[in-house]
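Enquirer: First the structure, which I've put down as structure tokens, then a few questions once you've had a look.
The values are calculated or read from the model by the stated rules, or taken from the named source; none is laboratory data. Computed from a predicted structure; not experimentally measured. Cβ: placed from backbone, ideal geometry, glycine included. Neighbour counts: every protein chain shown.
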Amino acid sequence: MSGFKLQRLGIMMEPQPGNPNEVEGVLNPAAARGPDGQLYLFPRLVAKGNYSRVGIARVKFNDVGDPTGVERLGIALEPEADYERRPDGGGGCEDARVTYVEPLQRYIMSYTAFSPQGPRIAVAMSEDLFHWERLGLATYAHWHGIELGNVDDKDASFFPIAIPNPSEHPELAMLHRPLFPGTRPEETACCPTSREVDLDRESIWISYCPMTLQGHDLNRLGRFTSHHRLATPVSPWERLKIGAGTPPIMTRHGWLILYHGVSEKPQPNASEHDLCYSAGVMVLSKEHPQMILYRSAEPVLTPELPEECHGTVAHVVFPTGIDRRDDLGTPDRLDVYYGMADNRIGVARLDLPEQIPAEAVADAPQATV
């Protein structure tokens, strides 16, 4: 088992009875500390027809500092832009991640826009977490002749500081997971256990954008001009797919993220969802985050509770929010907020080990594109 230990603390949110915005679930929240020091969640609120909004809620804590629930504060993002709405009346703003980007002195929200073309990465910006300005869809330079803007994409989050790009120039850096045709778990599940992984097309990437968001340019986002393959499926628990989870957060070991992996259930029931979403830990180099220092050989969180095994999509734990507990004077404690079976939100406590465990998994050869 991994040296990184998670302890479940409880359920944070579940659909509010009588609330039409939540009738199909509350899940996959971003988490960020506001200028007031309070912790805010930005859950995906799913209305009838899989119509999603990004909500905002203030986290409540008990006397010992454990999160116990939330106070709902309303809607942070409602589908309004053309890239968030579909001709059939559907659409959505989904699965937000929020990072305070220090060079910009702004909060940056990356989220999935359910556009007419499919899921795409969209970006919004705020000074206070309550008022958000859309910056539009992420745009990319061509990659091997492919227009990445035409490829489905999800699970994006930003680093909080400028990161050296492959040419050693500090730039805005984003983790994301392009969903090339043939790389969804529903598709890779049909392949044999020993299938050959497409290293570039089945990976978590880091993409880099020149730091143009200054002065009057704060209302737009530049183009991501270079890309680096970070991690590809390696272990059995992530055999079918991996994707980024929580935004990168600095620890004494390096940049830490929780990410998700997808596998098939050992004994799938034909009447149930036969995929299993679990969570692992990855630690990246402080100086060069494209270098992996540690990666979970086994998941640190798997679906076990009834609320994780039964819901809108069964057998899913999906980490998206993380809070380093500096407020308690315990920076080695990280609270992880995660989706439970695409219906509820749970929270678990992650305590950093004294040293990075030795059982780190070897990854595929690195490549810069």
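Enquirer: Taking residue 63 as meeting all but one of (1) under 17 Å from the mean Cα position of the chain (by Cα); (2) of a type outside the set (A, V, I, L, M, F, W, C); (3) at pLDDT 95 or above, write down the number of the exception.
Expert: (1)
Enquirer: I need the full set of residues from region 235-268 which are in a loop (DSSP other than H, G, I, E, B) and in contact with a Ser or Thr (Cβ under 9 Å, 6 or more places away or on another chain), in order please. Give the steps one after another, and end with the answer.
Expert: Our first condition is that a residue be in a loop (DSSP other than H, G, I, E, B); within region 235-268, this holds for 235, 239-240, 244-248, 252-253, 265-268.
Matches in region 235-268: 235, 239, 240, 244, 245, 246, 247, 248.
For every residue, the table says whether it meets (1) touching an Asp or Glu at 6+ places or on another chain (Cβ under 8 Å); (2) modelled with pLDDT of 95 or more.
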| residue | (1), (2) |
| --- | --- |
| 267 | no, no |
| 292 | yes, no |
| 298 | no, no |
| 316 | yes, yes |
| 321 | no, yes |
| 326 | no, yes |
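Enquirer: Identify, please: which residue in region 115-128 is of a type in the set (D, E, K, R) and farther than 20 Å from residue 244 by Cβ and is, among those, surrounded by the fewest Cβ atoms within 10 Å (Cβ to Cβ)?
Expert: So the first thing to find is which residues in region 115-128 are of a type in the set (D, E, K, R), and the list is 120, 127-128.
This time we only want the ones that are farther than 20 Å from residue 244 by Cβ, so: 127-128.
On the way: 127: 13, 128: 11.
My answer is 128.
Enquirer: Further, regarding this structure: Quickly run through region 40-50 and pick out the residues that are part of a strand (DSSP E or B) and surrounded by fewer than 22 Cβ atoms within 10 Å (Cβ to Cβ).
Expert: The first filter runs over region 40-50 and keeps only residues part of a strand (DSSP E or B), leaving 40-47.
Across region 40-50, the qualifying residue is only 47.
Enquirer: If you don't mind, there's one more thing I want to ask. If residue 16 meets every condition in (1) part of a loop (DSSP other than H, G, I, E, B); (2) over 26 Å from residue 307 (Cα atoms) apart from one, which number is that one?
Expert: Against the list (1) part of a loop (DSSP other than H, G, I, E, B); (2) over 26 Å from residue 307 (Cα atoms), residue 16 comes up short only on (2).
Enquirer: Under 17 Å from residue 246 (Cα atoms) and crowded, with 20+ Cβ neighbours inside 10 Å - does that describe any residue in region 129-136?
Expert: First, the residues of region 129-136 that are under 17 Å from residue 246 (Cα atoms): none.
No, region 129-136 contains no residue that is under 17 Å from residue 246 (Cα atoms) and crowded, with 20+ Cβ neighbours inside 10 Å.
Enquirer: Are there any pairs, at least 6 apart or on different chains, whose C-beta atoms fall under 6 Å, with the first in region 305-316 and hydroxyl-bearing (Ser, Thr, Tyr) and the second modelled with pLDDT of 95 or more and surrounded by 17 or more Cβ atoms within 10 Å (Cβ to Cβ), and if so, which?
Expert: These pairs meet every condition: 312/25; 312/342; 312/343.
Enquirer: Hey, another quick one. Among the numbered conditions (1) farther than 28 Å from residue 310 by Cβ; (2) touching a residue at least 40 places away in the same chain (Cβ under 8 Å); (3) surrounded by fewer than 16 Cβ atoms within 10 Å (Cβ to Cβ), tell me where residue 87 comes up short.
Expert: Condition (2) is where residue 87 drops out.
Enquirer: Hey, among the residues in region 137-164 that are surrounded by fewer than 18 Cβ atoms within 10 Å (Cβ to Cβ) and of a type in the set (Gly, Ala, Ser), which one's nearest to residue 102 (Cα to Cα)?
Expert: Selected residue: 162.
Enquirer: Does residue 169 count as at pLDDT 80 or above, farther than 29 Å from residue 263 by Cβ, loosely packed, with under 15 Cβ neighbours inside 10 Å and in contact with a helix residue (DSSP H, G or I) (Cβ under 9 Å, 6 or more places away or on another chain)?
Expert: Values: at pLDDT 80 or above: yes; farther than 29 Å from residue 263 by Cβ: yes; loosely packed, with under 15 Cβ neighbours inside 10 Å: yes; in contact with a helix residue (DSSP H, G or I) (Cβ under 9 Å, 6 or more places away or on another chain): no.
So residue 169 does not fit the description; no.
Enquirer: Quick test of your reading of the structure: residue 340 fulfils all but one of (1) closer than 28 Å to residue 356 by Cβ; (2) out of contact with any Leu (no Cβ under 6 Å at 6 or more places or on another chain). Name the failing condition by number.
Expert: Only one criterion is unmet by residue 340, namely (1).
Enquirer: Just for region 208-237: of the residues that are over 21 Å from residue 140 (Cβ atoms) and surrounded by 21 or more Cβ atoms within 10 Å (Cβ to Cβ), which one is modelled with the highest pLDDT?
Expert: It comes out as 237.
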